[in-house]
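Participant: Once you've had a glance at the structure underneath, I'll fire off some questions.
The values are calculated or read from the model by the stated rules, or taken from the named source; none is laboratory data. None of the values given here were measured: they were computed from a predicted structure. When we count neighbours, we look across all protein chains shown, and the Cβ atoms used for this are built from the backbone with ideal geometry, even at glycine.
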């Protein structure tokens, strides 16, 4: 039996099969000829659908859906800077209202539980849009917030936003001094000990923390405090001999330092932080291609005297508008990030594996676009790898400071499937990407997403860091993609590849699965690792692969598909369990097919589920979130996952193993 979720209330019933909970599920048939015929039809429909989605420039990009904190913080930024306009405010409010659940809360993923911080931020945004606290939907939200500790129980980032308007005291927030910018790279808690996404956010926030600005609040928020007379009751300190206790006392010392910081040192630190921020602004005006660092960078620079007409500020504000997705009903959703490079390489792989010729104009155009996106200058990664020549690809349209190890591996795998007319250009880009990926291997033999050896235990201990991952340790899914790419490049026996394989084998869970850092969760990890190991030469009979197959078969849903709820990041019992989804079913199938299980009943049932749930236009419906920004804390619904991964799985089922017309292996 498999665990399921209720898409509206967030309640779960681990004793109910997914087949009884999802209205798109069908009972999978296992007649092999019929399954193959259905797979061929589904593949053809999906190919046509995906080709029709390609941009004229050659790229693909699906919406990247997260949660309403992006929209709420966008409105709070506009309120803080005094640039709000009624159309944007009401369009954002329309979207936020539409995401509220019956109990008055907002969740951070489809079917998930109400989230306190998201609910607080959404409530405040609706107040800014003119919703009154005595309206029914607002009363439900406020009642729920108070019952769970009020604003005082929300995360630090939420309370920082509230402090900007005097709804929270800066003295009651963890201190983050700008002098952090002066710490050398070998010193604990230097900015390069943080993952790139945290680093880009923390540097501007040190300026905000030092300045402690307060804009007049347009209304009070007493209704969100459990006790308005004591909005922030004192918290008990952990024992001084514990890590938590040590860092709590360090924070108290930093608060004292804030009062007596030498003005010259502080001004110098803020100027250094400003230089660091400006130097990392991308050509399109954004920072790191993601919304949160852009928001905080704009606030920090504005506090340091950059007026709204300054070219840096103007470009930054214009970049934020590109994160907005306007819907047909007039609602405005803000993406936390955009994923064109990732989507394009995955779409190219899917189409090639589904039988689209290697020289098809659509694939050549996609390869042209990817080649133009190659990053050929050093970024922050070079702090730890100063001698490594640049190469590789990022995730977004513009993010030259932070190429992505995962994207680089997958882009190379995509380019190898395309017969590009300029072979020399392709080979040069691939060679640079391979060299860069090899050089970014961490000391333990594995790969993280953006940096090498970004594994310090200290950043996560800071009282400030109470939300999401702030470091970038190696993960099984990224390592698997690099290993698979190196195998295709004829480097299966390269010492670095073998070290990666050894690490992957050691990371296998007792149940046979692998943890998925960037996708949900064990189904994603397993679906990434098994194809990599077989590409590197491990036979399907290898004990690790047999354990993975056994696990996948054991968690297959009654309807023939696979699904995994995000709760698996917190509760082991959820591993591999959840409502069947198109992307997660595809991940399981990719592993089974790579393991030599194309003719197994489990594979046939999974393929039948994909064919049976495909929509008439060749797409799949997938409201569930299957991507992870931060495991559990920040979840993503990549709207193209539901298309590219099912097509890849169907293509490999119909046509067999991938073909690499330009492979050097």
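For (1) modelled with pLDDT under 95; (2) closer than 26 Å to residue 561 by Cβ; (3) not in a helix (DSSP H, G or I), each residue gets a yes or a no:
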| position | (1), (2), (3) |
| --- | --- |
| 43 | no, yes, no |
| 55 | no, no, yes |
| 91 | no, no, no |
| 94 | no, no, no |
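Participant: With 246, 205, 254, 224 as the choices, which residue is at pLDDT below 95 and in contact with a helix residue (DSSP H, G or I) (Cβ under 9 Å, 6 or more places away or on another chain)?
Facilitator: Matching residue, one of 246, 205, 254, 224: 246.
Participant: Same structure again: Would you mind telling me which numbered condition in (1) touching a helix residue (DSSP H, G or I) at 6+ places or on another chain (Cβ under 6 Å); (2) at pLDDT 95 or above residue 459 fails?
Facilitator: All conditions are met except number (2).
Participant: If you don't mind, there's one more thing I want to ask. So, in the range 607-634, exactly how many residues are part of a loop (DSSP other than H, G, I, E, B) and within 25 Å of the chain's Cα centre (by Cα)?
Facilitator: Adding up the residues that qualify gives 11.
Participant: Another one. Identify, please: which residue in the range 620-634 is out of contact with any helix residue (DSSP H, G or I) (no Cβ under 6 Å at 6 or more places or on another chain) and more than 18 Å from residue 395 (Cβ to Cβ) and is, among those, surrounded by the most Cβ atoms within 10 Å (Cβ to Cβ)?
Facilitator: Only one residue fits best here, namely 624.
Participant: Answer yes or no as to whether residue 238 is in contact with a helix residue (DSSP H, G or I) (Cβ under 9 Å, 6 or more places away or on another chain), closer than 28 Å to residue 454 by Cα and either part of a loop (DSSP other than H, G, I, E, B) or not assigned by TED's automatic domain parsing to the domain that holds residue 295 (or both).
Facilitator: yes
Participant: Surrounded by 23 or more Cβ atoms within 10 Å (Cβ to Cβ) and touching a strand residue (DSSP E or B) at 6+ places or on another chain (Cβ under 8 Å): which single residue out of 514, 587 fits that description?
Facilitator: The match here is 587.
Participant: Go through (1) under 30 Å from residue 316 (Cβ atoms); (2) at pLDDT 95 or above one by one and return the number of the condition residue 218 breaks.
Facilitator: (2)
Participant: Oh, and also: Residue by residue through the range 473-516, note down the ones that are within 21 Å of residue 572 (Cα to Cα) and not in a loop (DSSP other than H, G, I, E, B).
Facilitator: Within the range 473-516, 476, 477, 504, 505, 506, 507 qualify.
Participant: Can you say whether residue 328 is part of a helix (DSSP H, G or I) and surrounded by fewer than 18 Cβ atoms within 10 Å (Cβ to Cβ), as far as the supplied structure shows?
Facilitator: no
Participant: Filter the range 456-472 down to the residues that are touching a strand residue (DSSP E or B) at 6+ places or on another chain (Cβ under 8 Å), at negative phi and either part of a loop (DSSP other than H, G, I, E, B) or surrounded by fewer than 20 Cβ atoms within 10 Å (Cβ to Cβ) (or both) and list them by number.
Facilitator: Result: 467, 469, 471.
Participant: Hey, does the range 442-449 have a residue that's within 30 Å of residue 161 (Cβ to Cβ) and crowded, with 20+ Cβ neighbours inside 10 Å?
Facilitator: Yes: the range 442-449 contains one or more residues that are within 30 Å of residue 161 (Cβ to Cβ) and crowded, with 20+ Cβ neighbours inside 10 Å.
Participant: Since residue 497 meets every condition but one in (1) surrounded by 22 or more Cβ atoms within 10 Å (Cβ to Cβ); (2) free of Cβ contacts under 8 Å to residues at least 40 places away in the same chain; (3) under 25 Å from the mean Cα position of the chain (by Cα), which condition does it not meet?
Facilitator: (3)
Participant: Follow-up question, since we're still on this one. State the number of residues belonging to the range 349-362 that are farther than 18 Å from residue 654 by Cβ and surrounded by 24 or more Cβ atoms within 10 Å (Cβ to Cβ).
Facilitator: Total meeting the criteria: 0.
Participant: For residue 492, indicate whether it is in contact (Cβ under 8 Å) with a residue 12 or more places away in the chain, outside the structural domain of residue 412 (by TED's automatic domain parsing) and surrounded by 24 or more Cβ atoms within 10 Å (Cβ to Cβ).
Facilitator: It is false that residue 492 is in contact (Cβ under 8 Å) with a residue 12 or more places away in the chain, outside the structural domain of residue 412 (by TED's automatic domain parsing) and surrounded by 24 or more Cβ atoms within 10 Å (Cβ to Cβ).
Participant: Looking only at the range 566-584, how many residues end up being in a helix (DSSP H, G or I) and either crowded, with 24+ Cβ neighbours inside 10 Å or in contact (Cβ under 8 Å) with a residue 24 or more places away in the chain (or both)?
Facilitator: Count: 9.
Participant: I'd like to verify a number: residues in the range 387-438 that are in a helix (DSSP H, G or I) and either buried (at least 24 other Cβ atoms within 10 Å of the Cβ) or touching a helix residue (DSSP H, G or I) at 6+ places or on another chain (Cβ under 7 Å) (or both), how many?
Facilitator: Number of matching residues: 20.
Participant: Would you please name the residue that is farthest from residue 291 (Cα to Cα), looking only at residues in the range 635-659 that are in contact with a helix residue (DSSP H, G or I) (Cβ under 6 Å, 6 or more places away or on another chain) and part of a loop (DSSP other than H, G, I, E, B)?
Facilitator: Among residues in the range 635-659 that are in contact with a helix residue (DSSP H, G or I) (Cβ under 6 Å, 6 or more places away or on another chain) and part of a loop (DSSP other than H, G, I, E, B), the one farthest from residue 291 (Cα to Cα) is 658.
Participant: Now a separate question. Mind listing whichever residues of the range 533-545 are in a helix (DSSP H, G or I) and without any contact (Cβ under 8 Å) to a residue 24 or more places away in the chain?
Facilitator: The answer is 543, and nothing else.
Participant: A further question on this structure: Do we find a residue being at pLDDT below 95, in a loop (DSSP other than H, G, I, E, B) and crowded, with 20+ Cβ neighbours inside 10 Å anywhere in the range 24-39?
Facilitator: Within the range 24-39 (the criterion being at pLDDT below 95, in a loop (DSSP other than H, G, I, E, B) and crowded, with 20+ Cβ neighbours inside 10 Å), the answer is yes, since at least one residue qualifies.
Participant: Given the condition surrounded by 24 or more Cβ atoms within 10 Å (Cβ to Cβ), within 27 Å of the chain's Cα centre (by Cα) and not in a loop (DSSP other than H, G, I, E, B), answer yes or no: does some residue in the range 556-565 qualify?
Facilitator: No, that holds for no residue.
Participant: Next question. Name the residues in the range 112-166 that are touching a residue at least 40 places away in the same chain (Cβ under 8 Å), buried (at least 22 other Cβ atoms within 10 Å of the Cβ) and assigned to a loop (DSSP other than H, G, I, E, B), would you?
Facilitator: 112, 115, 150
Participant: Let me ask you something else. Residue check: is residue 100 assigned by TED's automatic domain parsing to the domain that holds residue 214 and surrounded by 18 or more Cβ atoms within 10 Å (Cβ to Cβ)?
Facilitator: In short, yes.
Here's the yes/no breakdown for (1) under 26 Å from residue 341 (Cα atoms); (2) touching a residue at least 24 places away in the same chain (Cβ under 8 Å); (3) surrounded by fewer than 20 Cβ atoms within 10 Å (Cβ to Cβ); (4) more than 31 Å from the chain's Cα centre (by Cα):
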position	(1), (2), (3), (4)
262	no, no, yes, yes
265	no, yes, yes, yes
281	yes, yes, no, no
293	yes, yes, no, no
303	no, yes, yes, no
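Participant: Here is a check on your reading of the model: is residue 526 touching a residue at least 12 places away in the same chain (Cβ under 8 Å), surrounded by 24 or more Cβ atoms within 10 Å (Cβ to Cβ) and under 22 Å from the mean Cα position of the chain (by Cα)?
Facilitator: Answer is yes for this residue.
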